[in-house]
Amino acid sequence: MSSREDILKAISQNKPALVESPAMPVYPDSDQTSVLEQFIQTAELIGSKVIQLKDWQEIILEFENAKANGKFVVNTISEIGTPDVSIDEMSSSVDLEKIDLSFVRGQLGVAENSAIWVDDSNLPNRLLPFICQHLVLVVEAKTLVATMHQAYEKINTFKTGWGAFIAGPSKTADIEQSLVIGAHGARSLVIYILS
Amino acid sequence: MEKFLKPVEHAVAAEKFISDEARTNWHDETLWFVRAKRDKIVHKLPEWESLRELGSQIKNHALSNLDTYLLAFEKNAQANGVKVHWAADAKEHNEIILEIARKNNVKKIVKSKSMLTEECHLNPFLISKGIEVVDTDLGERIVQFRNEPPSHIVLPAIHLKKQDVSDTFHEHLHTEKGNNDPQYLTEAARQHLRNKFIEADLSITGVNFAVAETGGFVVCTNEGNADMGAHAAKIHIACMGFEKIIPKAEHLSVFLRLLTRSATGQPITTYSSHFHRPRKGQEMHIVIVDNGRSKQLGREDFRNSLKCIRCAACFNTCPVYRRSGGHSYHNATAGPIGSILNPNINMRENADLPFASTLCGSCTNVCPVKINIHEQLWKWRQVLTEEGYASSGKTAGMKGMAFVLSYPKVFRFAGKAGRWIIRMFPGLVNNTLNPWYKQREMPVAPKHSFRDWYIKNKKA
């Protein structure tokens, strides 16, 4: 453990005099209408599809349709139907790789970048939103906030073991800066916003 | 440990890069396009400048209390069930990873992009020990197939054209010859890498931000490769330079707003993953690396460089980087910020880098945490020259200039002689022996100096 002591010692000898931590400014939240508008606009700009709904009925229909079409669909939201128990923490990536479509609840959405917060409490397995071919996230309109500052006030990153902001489908521009949707993760992201 | 090859000097490597003029222009324009995207998106945020200032101040504070924050981070991470390791240098970093791999009988590793592991030359080390290491970021995978280092910290294969990628994939993934469609090529990589994710025993990721308050860390990707690797493998190792520490989770809001807007002009990366505890049945490790960073912390003039959040905005805007390519900087981190960080690690081998700049200040202007990049490059030039690391040509030139500029009469004579020679015998200066003639036309020499003109016209 000597490197640990050496590093800490070197840092304490070489660090500058203490500088106070800046106060975090208060960023005022915008009104809900403009937050919703901005969220939708940003989401569409980065390749997500947004559908606004009044209740769960239409999502349930989508889910049933996908299943009827023979797709391997995983539901994790109790409002849609009994959550799929075949997927859990111990599911192997080989099995998860076969999933076509997953339905996952998002805790909140951020208007400035259309990122949606999802953590362990929303998922039976952390790999699910990445390894499925297509992803559906459901958020309630009342959870939308303007910026990342308000988002961090509302979420607790530490509450579960893992959580992520997900903004759009997996993408890359590594080949001559050409944008390609569907790198390793989900090839598409559909966001249902429940009012 | 892989031997460091004696690097080719930046100017020599750049000369090779720019010999293909069309490609140089394309490289320049492509990066400028990214810089323009950055401008467009940051101007949408009225609070952008105050956000930069806030990011800079948080980093100043974090650096001034770094040891305390690292200890808090360690304590909290351990309480979360994460194993924390400390590495003084690249060698120790690599050995810690090898030991974890050996203990668990690991044969296959997937890695998401981590410039720190590039800095430590982890891949060749593990491969030499018989372990398969696959880079999973598309750009990194492309350069790995080609046996090249990445040329940019955010866009690792930015120096390559579609045709190059197509040829590389044809050779390694047996894709159709001549099919240059990025969609087709990306799909081939997706299929290939999905198998690698599923087979891997261990996943290595970098760390974008480590939070002292919670003992957690954040990893940002657009492709989702860090998450695919980390959630599929039974062991996850995250490698971080110790300067990645920020005090609190609420500070993440500032840095996540700054990072991707500066990097690629996106509002945020597709995935910003917050890791705190391993999942059931998983092992999670964090390796905290020094490798020269504590020394840089002690260099007052260069300490600010440790605030860097690796967005590469300074690369994309740099007129020298855009026209010389990342490989000419012969280090994992190229561009203006690399030219400050690398002389700290090895002065002799990186003495050329601070001179690979016009000192125009564009890098400083776009830096999201307000690092005074061009001033530090200028300071490095002074330090390196004083320490005797500047090239002999530069040293002789500077000595000559110092002599000429110290004696007004000599200065006047030299000016007169120079003007006369350029007028009468242009061939003496317009030849390749004169470094100023390379890629440039020499100016037309006036008959008289400004001083002559001034004396003559002063009275009028």
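The values are calculated or read from the model by the stated rules, or taken from the named source; none is laboratory data. Everything numeric here is computed off the predicted structure, so don't read it as measured data. Cβ: placed from backbone, ideal geometry, glycine included. Neighbour counts: every protein chain shown. Only protein heavy atoms, including side chains, enter the accessible area calculation; ligands, DNA and RNA are left aside. Shrake-Rupley method; radii C 1.70, N 1.55, O 1.52, S 1.80 Å.
Quick check: is even one residue across the range B:255-263 more than 7 Å from chain A (Cβ to nearest Cβ) and surrounded by fewer than 19 Cβ atoms within 10 Å (Cβ to Cβ)? Step through it out loud before you land on a result.
The first filter runs over the range B:255-263 and keeps only residues more than 7 Å from chain A (Cβ to nearest Cβ), leaving B:255, B:258-263.
Next, only the ones that are surrounded by fewer than 19 Cβ atoms within 10 Å (Cβ to Cβ) stay: none.
No, the range B:255-263 contains no residue that is more than 7 Å from chain A (Cβ to nearest Cβ) and surrounded by fewer than 19 Cβ atoms within 10 Å (Cβ to Cβ).
Does the range B:167-191 hold any residues that are in contact with a helix residue (DSSP H, G or I) (Cβ under 8 Å, 6 or more places away or on another chain), open to solvent by less than 10 Å² (accessible area, probe 1.4 Å) and at the interface with chain A (Cβ under 9 Å from one of its Cβ atoms), and which are they?
Selection gives B:L185, B:T186, B:A189.
When you go through B:R277, B:R293 one by one, which is the residue that is open to solvent by 10 Å² or more (accessible area, probe 1.4 Å), within 9 Å of chain A (Cβ to nearest Cβ) and more than 17 Å from the chain's Cα centre (by Cα)? Step through it out loud before you land on a result.
Values: B:R293 fails: more than 17 Å from the chain's Cα centre (by Cα).
Step by step, each of B:R277, B:R293 is checked, and only B:R277 is open to solvent by 10 Å² or more (accessible area, probe 1.4 Å), within 9 Å of chain A (Cβ to nearest Cβ) and more than 17 Å from the chain's Cα centre (by Cα).
For A:K159, which of the numbered conditions (1) facing chain B (nearest Cβ under 10 Å); (2) in a loop (DSSP other than H, G, I, E, B); (3) buried (at least 20 other Cβ atoms within 10 Å of the Cβ) fails to hold?
(3)
May I ask you to say which residue of B:I158, B:I96 is buried (at least 19 other Cβ atoms within 10 Å of the Cβ), under 24 Å from B:H236 (Cα atoms) and not hydroxyl-bearing (S, T, Y)?
After ruling out the rest, the residue left standing is B:I96.
Report the residue count in the range A:81-110 for those that are of a type in the set (S, T, N, Q), under 16 Å from the mean Cα position of the chain (by Cα) and surrounded by fewer than 22 Cβ atoms within 10 Å (Cβ to Cβ).
1
Out of the residues in the range B:447-460 that are of a type outside the set (S, T, N, Q) and in a loop (DSSP other than H, G, I, E, B), state the one that is surrounded by the most Cβ atoms within 10 Å (Cβ to Cβ). Can you show your working first?
Initially, the range B:447-460 is screened for residues of a type outside the set (S, T, N, Q), giving B:447-448, B:450-456, B:458-460.
If we keep only those that are in a loop (DSSP other than H, G, I, E, B) as well, we get B:447-448, B:458-460.
Numbers: B:K447: 10, B:H448: 13, B:K458: 7, B:K459: 5, B:A460: 4.
Looking at residues that are of a type outside the set (S, T, N, Q) and in a loop (DSSP other than H, G, I, E, B), I get B:H448.
Look at A:N113 and say whether it is buried (at least 20 other Cβ atoms within 10 Å of the Cβ), within 12 Å of the chain's Cα centre (by Cα) and assigned to a loop (DSSP other than H, G, I, E, B).
Numbers: buried (at least 20 other Cβ atoms within 10 Å of the Cβ): yes; within 12 Å of the chain's Cα centre (by Cα): yes; assigned to a loop (DSSP other than H, G, I, E, B): yes.
Yes; evaluated as a whole, the condition is true for this residue.
Hey, could you check the range A:167-178 for residues that are without any contact (Cβ under 8 Å) to a residue 40 or more places away in the chain and surrounded by fewer than 24 Cβ atoms within 10 Å (Cβ to Cβ) and say which is nearest to the chain's Cα centre (by Cα)? Step through it out loud before you land on a result.
Applying the first criterion (without any contact (Cβ under 8 Å) to a residue 40 or more places away in the chain) to the range A:167-178 yields A:172-178.
Among the residues that remain, those that are also surrounded by fewer than 24 Cβ atoms within 10 Å (Cβ to Cβ) are: A:173, A:176-178.
Details: A:A173: 21, A:E176: 28, A:Q177: 25, A:S178: 24 Å.
Of everything passing the filter in the range A:167-178, A:A173 is nearest to the chain's Cα centre (by Cα).
Which pairs do you get when a residue that is at the interface with chain A (Cβ under 10 Å from one of its Cβ atoms), found in the range B:59-80, comes within reach of a residue that is part of a helix (DSSP H, G or I) and open to solvent by 10 Å² or more (accessible area, probe 1.4 Å), reach meaning Cβ atoms under 6 angstrom, with the pair 6+ apart or on two chains?
Here the result reads B:D67/A:L8; B:D67/A:S12, each pair linking the range B:59-80 to a residue that is part of a helix (DSSP H, G or I) and open to solvent by 10 Å² or more (accessible area, probe 1.4 Å).
Residue-wise test of (1) touching a residue at least 60 places away in the same chain (Cβ under 8 Å); (2) surrounded by 10 or more Cβ atoms within 10 Å (Cβ to Cβ); (3) over 41 Å from the mean Cα position of the chain (by Cα); (4) part of a loop (DSSP other than H, G, I, E, B).
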| residue | (1), (2), (3), (4) |
| --- | --- |
| B:A414 | no, yes, yes, no |
| B:R423 | no, yes, yes, no |
| B:T432 | no, no, no, yes |
| B:M442 | no, yes, no, yes |
| B:A445 | no, yes, no, yes |
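Could you please find all residues in the range A:81-103 being assigned to a loop (DSSP other than H, G, I, E, B) and farther than 25 Å from A:I191 by Cα?
Going residue by residue through the range A:81-103, those that are assigned to a loop (DSSP other than H, G, I, E, B) are A:81-92, A:97-100.
The answer is A:M90, A:S91, A:S92.
Give all pairs with beta carbons closer than 9 Å in which a residue from the range B:291-319 that is under 18 Å from B:Q57 (Cα atoms) and modelled with pLDDT of 95 or more meets a residue that is outside any helix (DSSP H, G or I) and of a type in the set (F, W, Y); count only pairs at least 6 apart in sequence or on separate chains.
Note: pairs meeting the criteria are B:I309/B:F209.
From the list B:H85, B:H61, which one is within 30 Å of B:P149 (Cα to Cα) and outside any loop (DSSP other than H, G, I, E, B)? Before you say what the answer is, go through the steps one by one.
Working: B:H61 fails: within 30 Å of B:P149 (Cα to Cα).
So the residue among B:H85, B:H61 that is within 30 Å of B:P149 (Cα to Cα) and outside any loop (DSSP other than H, G, I, E, B) is B:H85.
Would you pick out the residues in the range B:145-166 that are over 15 Å from B:H327 (Cα atoms) and at the interface with chain A (Cβ under 10 Å from one of its Cβ atoms)? Explain how you work it out, then say what you get.
Filtering the range B:145-166 down to residues over 15 Å from B:H327 (Cα atoms) leaves B:145, B:161-166.
Scanning the range B:145-166 gives B:K161, B:K162, B:Q163, B:D164, B:V165, B:S166.
Could you tell me whether the range B:16-31 includes any residue that is within 20 Å of B:C318 (Cβ to Cβ), surrounded by 15 or more Cβ atoms within 10 Å (Cβ to Cβ), in contact (Cβ under 8 Å) with a residue 12 or more places away in the chain and of a type in the set (D, E, K, R)?
yes
Under 7 Å by Cβ, and 6 or more places apart or on different chains, what pairs join a residue from the range B:131-154 that is within 14 Å of B:N222 (Cβ to Cβ) and open to solvent by 10 Å² or more (accessible area, probe 1.4 Å) with one that is in a loop (DSSP other than H, G, I, E, B) and at pLDDT below 95?
B:D137/B:K113
Among the candidates B:V404, B:V410, B:V383, which residue alone is in a helix (DSSP H, G or I), hydrophobic (A, V, I, L, M, F, W, C) and either touching a Phe, Trp or Tyr at 6+ places or on another chain (Cβ under 6 Å) or at positive phi (or both)? Before the answer, list the steps.
Numbers: B:V410 fails: either touching a Phe, Trp or Tyr at 6+ places or on another chain (Cβ under 6 Å) or at positive phi (or both); B:V383 fails: either touching a Phe, Trp or Tyr at 6+ places or on another chain (Cβ under 6 Å) or at positive phi (or both).
Checking each option against the conditions leaves just B:V404.
Select from the range A:44-80 the residues that are assigned to a helix (DSSP H, G or I) and of a type in the set (A, V, I, L, M, F, W, C) and write down the one among them that is surrounded by the fewest Cβ atoms within 10 Å (Cβ to Cβ). Explain how you work it out, then say what you get.
We begin by selecting, within the range A:44-80, every residue assigned to a helix (DSSP H, G or I); these are A:44-45, A:57-68.
Add one more test, that the residue is of a type in the set (A, V, I, L, M, F, W, C), and what stays is A:45, A:59-61, A:63, A:66, A:68.
On the way: A:L45: 13, A:I59: 22, A:I60: 16, A:L61: 11, A:F63: 21, A:A66: 18, A:A68: 9.
Selected residue: A:A68.
For A:V145, are the conditions met, namely being touching a Leu at 6+ places or on another chain (Cβ under 7 Å), more than 11 Å from chain B (Cβ to nearest Cβ) and either of a type in the set (A, V, I, L, M) or under 23 Å from B:D137 (Cα atoms) (or both)?
So A:V145 fails the test.
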